[in-house]
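To start, the structure under review is shown below, and the notes come after it.
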Amino acid sequence: MLVGLLTFLPAGSFSYWQAWLLIGILFVPMFAAGLVMMKKSPELLRKRLNVREEQPEQKAVIALSGLMFLAAFIAAGLNFRFNWIVLPSWVSFAAAAVFLAAYALYAEVLRENAYLSRTVEVQKDQKVIDTGLYGVVRHPMYMCTLLLFLAMPLVLGSPISFAVTLLYIPIIAKRIKNEEKILEEGLRGYSDYKKRVRYKVIPFIW
């Protein structure tokens with residue numbers, strides 16, 4: 001398991017309880033959601049498992065995201081090993097609650113949008129979704145992932161890793177810029193949708 005390797009190895013110990021907490025809240029809901037999607041929405045599950053990007057800009061985004069996560073997890077493990085900055089336990093539990101809430105929002109986004117793919121593309125017969133969370137922000141999936149990614153380092157008890165994951169904001173901004181360009185060019189009604197829903201990721205802010 002990559003997450004365990006990237007945290008326990010630099011931590012030098014399996015007593016890193018925050019890492020066990022993250023593994024639990026990360027993979028138990030993921031496994032359950034996978035079973036539900038396999039039964040009810042196998043096509044959507046197939047799209048979510050497809051990570052092969054065709055856009056050069058998106059390949060760069062994926063590479064930068066991978067480097068960010070690598071640095072964040074290693075920093076968290078080293079922070080535990082050397083006790084650089086120790087956060088109180090309640091921070092990890094509060095961040096875990098935020099993480100699970102973001103997971104629930106993510107599930108709602110999947111329910112609302114059957115066209116939701118992990119790659120940037122316009123699919124056959126795709127339509128603009130403007131109900132539910134899509135009526136609040138144009139990219140609720142990224143809103144959820146932003147909450148998830150910023151919560152993870154705090155679950156691990158590492159403010160250093162939290163600082164690293166803040167890099168996700170400019171990374172995802174680059175992805176959104178390219179994605180919206182593709183959607184405007186290929187998805188009928190998306191330009192009008194942008195005028196109706198002003199905010200991209202965070203209501204009243206961004």
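Tabulated data for the structure shown
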read-out: Matching residues in region 174-206 - criterion: being in a loop (DSSP other than H, G, I, E, B), in contact with a helix residue (DSSP H, G or I) (Cβ under 9 Å, 6 or more places away or on another chain) and over 21 Å from Leu148 (Cα atoms); value: Leu187, Val197
read-out: Any chance Ala114 is modelled with pLDDT of 80 or more and among the small types (Gly, Ala, Ser); value: no
read-out: Filter result for Arg138 (of a type in the set (Lys, Arg) and loosely packed, with under 14 Cβ neighbours inside 10 Å); value: no
read-out: Asn50 loosely packed, with under 15 Cβ neighbours inside 10 Å and modelled with pLDDT of 75 or more; value: no
read-out: Residues of region 4-41 satisfying the condition of being modelled with pLDDT of 80 or more and of a type in the set (Val, Ile, Thr); value: Thr7, Ile23, Ile25
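The values are calculated or read from the model by the stated rules, or taken from the named source; none is laboratory data. Every value quoted in this text rests on a predicted model; they were computed, and no experiment measured them. Cβ atoms come from the backbone with ideal geometry, glycine included; neighbour counts cover every protein chain shown.
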